[in-house]
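The block underneath contains the structure these notes are about, expressed in structure tokens.
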Amino acid sequence: MAVAPTVQLRGGAHLPLLGLGTWPLDDDQAAETVSLAIGTGYRLIDTAENYRNEKGVGEGIRRSGIDREELFITTKFNSEHHSVDGVRRAFETSSRLLGLDYIDLLLVHWPNPEKGHHVEAVQGIAALMEQGLVRAIGTSNYKPSHLQQVIDAGIVPDVNQIQLDPQRPRIEERAFHNEHGIVTQSWSPLGQGSGLLDEPGVVAIAKAHGRTTAQVVLRWHVQQGMVAIPKSSHPERLAQNLDIFDFELSGAELAQLYMLESGEAEIVDSDQFGH
């Protein structure tokens, strides 16, 4: 059974390089898929308050029978909780729904900078970490300008989770992350219906390695130190997505995938969108 290698975060926790995304599964689907994924070898499970499936994710964890300490569970909270006290309330609700005493990585789901509390939201996570309730501090969809404000306040997040794939390689954002020791986590790593997996260049690389196009794209992420969290509830694809740690893309193949960036692929603007 394949298990993903890990990257060590600033705070000391070890984050698997590949995990399971759970949007848009409902509670029943999440329970079934999470249990199946853990049995397949997944150890990183990603959910969120806004997905409304934390209860199902927790049920899947319990069904799996795997020791809690072997798992890395991530969740995120909405903007209504962007205060130190609000983050605590969000944690209490999520941990109750998940059935967990602690959460490995808690993220601010969107910065909502127009509300002006995106720094305080991260400070709330840091307070929970000091009490041992959270093992790592996360942001999601924070631009470098948002992160700089957090850093100026004295906190460097462990992880920033952003929309990222070869058509949207987010080079400037990743450079900022690397400069500050922040791990980049990719949501929608397979392009979410953009046609990425049907691109002739991706198909050719997949044929050369005897792999699926999804495996090639996921390998592109993890080979460069990014953490990918693809969603699948299909047993065969779950296994395939995890089975990417025994081959390597060449420098030329990595470059070929970067050439898929057209500048036209839509990126959700976190100055304009958030919840």
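The residues of the range 79-121 that are part of a helix (DSSP H, G or I), open to solvent by less than 50 Å² (accessible area, probe 1.4 Å) and of a type in the set (S, T, N, Q), listed by number, are S79, S94, S95. When the range 17-43 is limited to residues that are over 19 Å from K55 (Cα atoms) and open to solvent by less than 10 Å² (accessible area, probe 1.4 Å), the one that is nearest to the chain's Cα centre (by Cα) turns out to be L18. In the set (1) open to solvent by less than 10 Å² (accessible area, probe 1.4 Å); (2) over 17 Å from the mean Cα position of the chain (by Cα), the condition left unmet by A175 is number (1).
The values are calculated or read from the model by the stated rules, or taken from the named source; none is laboratory data. Computed from a predicted structure; not experimentally measured. Note: areas computed on protein heavy atoms with side chains; ligands, DNA, RNA excluded. Shrake-Rupley method; radii C 1.70, N 1.55, O 1.52, S 1.80 Å.
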